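First the structure, in the form of structure tokens, and then the observations on it.
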Amino acid sequence: MRHLSCLSDLGPDGLLGVLDAADTFKDQRGSASSPRPLTGRSVALVFEKASTRTRVSLEIAVAELGGHPLVLTAAGSQMGRGEPLEDTARVLSRMVHAITLRTAEDQRLRQLMAFSRVPVINALTDDGHPLQLLADLMTVRRARGTLRGLRFAWLGDGNNMANSWIEAAGLLQAELTLACPHGYLPSQQQLERALARGGKVRVVQHPHEAVQGADVVSTDVFTSMGQEAESAARLEAFKGYQLDEALLGQAAPDAMVLHCLPAHRGEEISAGVLEGPQSHVWDQAEARLHTAKAALCWALELNG
């Protein structure tokens, strides 16, 4: 049984294989040859945190693959009344063929995996967001034709997205520079693991140092879900980290801009950069659908 809790579950070859499958799903979408390997199967999509792109992409992915998506939220199920997650796992996995979970603490994902009889996919935790990273990498590879030899930069919080970028850099042995202020650094364990795998990963304080000559520049909101009480302190800590036209001008002339959305224009990214010619944000959002299909097929060991 295959769980997809993080990108490392795929391994380097599996990661590239999922991206290959996602490309195929995109190219075949809407055609008579579009595969439906989930026909007769159901997937439970469990959301303990709000979602737009993750929910929409997974729900449509399951449906277009021929399966039945079953959406469960905390407010609309017994989870919201305190039913233990292990009980939910045991019940769901007797009825569905796979489960995705979007939650806060990574430990809840581990609980679900431990008590599930079917594959579990991480649809976001505080520690990582593998489905988003698959979409990011797909977007870059389709635009550039390769992931090799590119210089990646991350600006802002050392959050779940930063951790998954570090993990991807290790698996791909890529060059990644993250600019994060003190107090908002990414996982030291992820950094050490990526370096051990051959990734060229470093963390700096100044955004200018991170973006210098970068081919791909990524950022995310400074205040994520559940951190609203920290908003004022975070805005102060992240002064100077906004990806604006002046900062982007220090990257490679054709640098790609990525943002996993939702975006706060005028905070972590300027409206001009988000809407500008170097932005690939909307392709990135669409890629969530194709990589969701590929991830589901990988977890269920199905041929697309």
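The values are calculated or read from the model by the stated rules, or taken from the named source; none is laboratory data. Just so we're clear, the structure is a prediction, and the values are computed from it rather than from any experiment. Glycine also receives a Cβ, built like all others from the backbone with ideal geometry; neighbour counts cover every protein chain displayed.
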Would you pick out the residues in region 88-105 that are without any contact (Cβ under 8 Å) to a residue 24 or more places away in the chain and either part of a helix (DSSP H, G or I) or out of contact with any Asp or Glu (no Cβ under 7 Å at 6 or more places or on another chain) (or both)?
V91, R94
Would you point out which residue out of E175, E245 is under 17 Å from G149 (Cβ atoms), modelled with pLDDT of 95 or more, surrounded by fewer than 23 Cβ atoms within 10 Å (Cβ to Cβ) and acidic (D, E)?
E175
Qualifying position, being of a type in the set (V, I, T), surrounded by 15 or more Cβ atoms within 10 Å (Cβ to Cβ) and more than 25 Å from D13 (Cα to Cα), among V203, V216:
V203
G80, sole failed condition from (1) outside any loop (DSSP other than H, G, I, E, B); (2) in contact (Cβ under 8 Å) with a residue 24 or more places away in the chain; (3) among the small types (G, A, S):
(2)
Selection over region 216-229 where residues are part of a helix (DSSP H, G or I) and under 23 Å from the mean Cα position of the chain (by Cα) yields a count of 1
May I ask you to say which residue of T139, T223 is polar (S, T, N, Q) and crowded, with 22+ Cβ neighbours inside 10 Å?
T139
Do we find a residue being small (G, A, S), in the same structural domain as D106 (by TED's automatic domain parsing) and closer than 20 Å to Q132 by Cβ anywhere in region 58-69?
yes
L85 - would you say it is buried (at least 19 other Cβ atoms within 10 Å of the Cβ), touching a residue at least 60 places away in the same chain (Cβ under 8 Å) and not small (G, A, S)?
no
Suppose the filter is assigned by TED's automatic domain parsing to the domain that holds T24, in a helix (DSSP H, G or I), modelled with pLDDT of 95 or more and buried (at least 22 other Cβ atoms within 10 Å of the Cβ); does L112 pass it?
yes
Can you name every residue in region 1-31 that is hydrophobic (A, V, I, L, M, F, W, C), at pLDDT 95 or above and either farther than 20 Å from R102 by Cβ or part of a loop (DSSP other than H, G, I, E, B) (or both)?
C6, L10, L15, L16, L19, A21, F25
Only one of these conditions is not met by L147: (1) within 30 Å of A299 (Cα to Cα); (2) more than 15 Å from the chain's Cα centre (by Cα); (3) buried (at least 24 other Cβ atoms within 10 Å of the Cβ). Which number is it?
(3)
List the pairs whose first member sits in region 4-17 and is free of Cβ contacts under 8 Å to residues at least 40 places away in the same chain, whose second member is crowded, with 16+ Cβ neighbours inside 10 Å, and whose Cβ atoms are under 6 Å apart, counting only residues at least 6 apart or on separate chains?
none
